[in-house]
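J.: Structure below; questions to follow.
Nothing in this text is a laboratory measurement; each read-out follows from the coordinates by a stated rule. All values reported here derive from a predicted model rather than from experimental measurement. Ideal geometry is used to build each Cβ from the backbone, glycine not excepted, and the neighbour counts take in all protein chains shown.
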Amino acid sequence: IRKVTTHRLSEMKLRGEKISMLTAYDYSMAQLVDEAGIDVILVGDSASNVMAGNETTLPITLDQMIYHGTSVVKAVQRALVVVDLPFGTYQGNSREALSSAIRIMKETAADAVKLEGGKEVLESVNRILSAGIPIMGHLGLMPQSIHKFGTYTVRAKEEAEAEKLISDAKLLEDAGCFAIVLEKIPAKLGKLVAEEVKIPVIGIGAGGGVDGQVLVIHDLLGITQQFSPRFLRRYHNLAAEIKGAVGNYITDVKSQDFPNEKEQY
Ligand code: KIV
Ligand code: NA
């Protein structure tokens, strides 16, 4: 199996082949997602919501991200594995940012890190890249900054915010990031950014004009039930299937149908 590299992602952009990306947070799921042939697996800090049950991504720690990252990397043979730097581990000062990124690379053996922001975190970006650690940027809706905005609504609908996003994307490209995630912005702006930068732009709610798409695996599979933004296409209703299977098991235990003669020693 030929492992996906950051170089291969840029070749895909050149060829016009769209990049597929999904999150995974644990060994079993990462193995399935990788075997299905996904290009990039993101160990997202959405683990804070999906795995730990927090309201936001802010509470998840570097140690917790490393735990998820380690589990995922063990399962993956083909996909490029990217681990999110969690809130508070890279914004303050660039030396702390570098040591956070080094911990992720050393302890998880992931291929790259992802962080949110443009100009504000440029010093951290430069320092991490100088150490030879590949970075995926993340602009548009940045969940780690939710308290600054107060809502999860579409970003960069106004001219000024769109201009800032375009200039941040160029800054990240010039710094040497290998790709950028754009979250929840107008499709027109997503397409424009993908045309303006040479590095791959992966969208989530950023329209079809970008170079690839990313979703949270639990959303795609329909394990999460409450979250229904417009950009989410559910490929399964796993919540119903899991509850059905568990319900059948409960019935069989109560009725003493399980275990039967052949299911015991
Ligand atoms: O944490 C995450 O799942 C993400 C994706 C939504 C891009 O950052
Ligand atoms: Na994230």
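J.: Provide Rg over Rh for the range 65-124; use the alpha carbon set for both Rg and the Kirkwood Rh (inverse mean inverse pair distance).
T.: Reported Rg/Rh, Kirkwood definition of Rh: 1.00.
J.: For the chain, with the dipole built from +1 on Lys and Arg beta-carbon atoms and -1 on Asp and Glu ones, taken about the Cα centre, which of Leu192, Leu98, Leu42 lies farthest toward the positive end?
T.: My answer, from the dipole projection, is Leu192.
J.: On alpha-carbon atoms, Rg over Rh for the chain using Kirkwood Rh?
T.: My calculation of the ratio gives 1.02.
J.: Along each of its three principal axes, how wide is the spread of alpha-carbon positions in the range 1-130, in whole angstrom units, largest first?
T.: The principal-axis extents, from largest down, are 38, 34, 26 Å.
J.: Can you list residues from other chains, or at least 5 along the same chain, whose modelled amide H is less than 5 Å from the amide H of Tyr25?
T.: Sorted by chain and number, the residues that satisfy this are Ala30.
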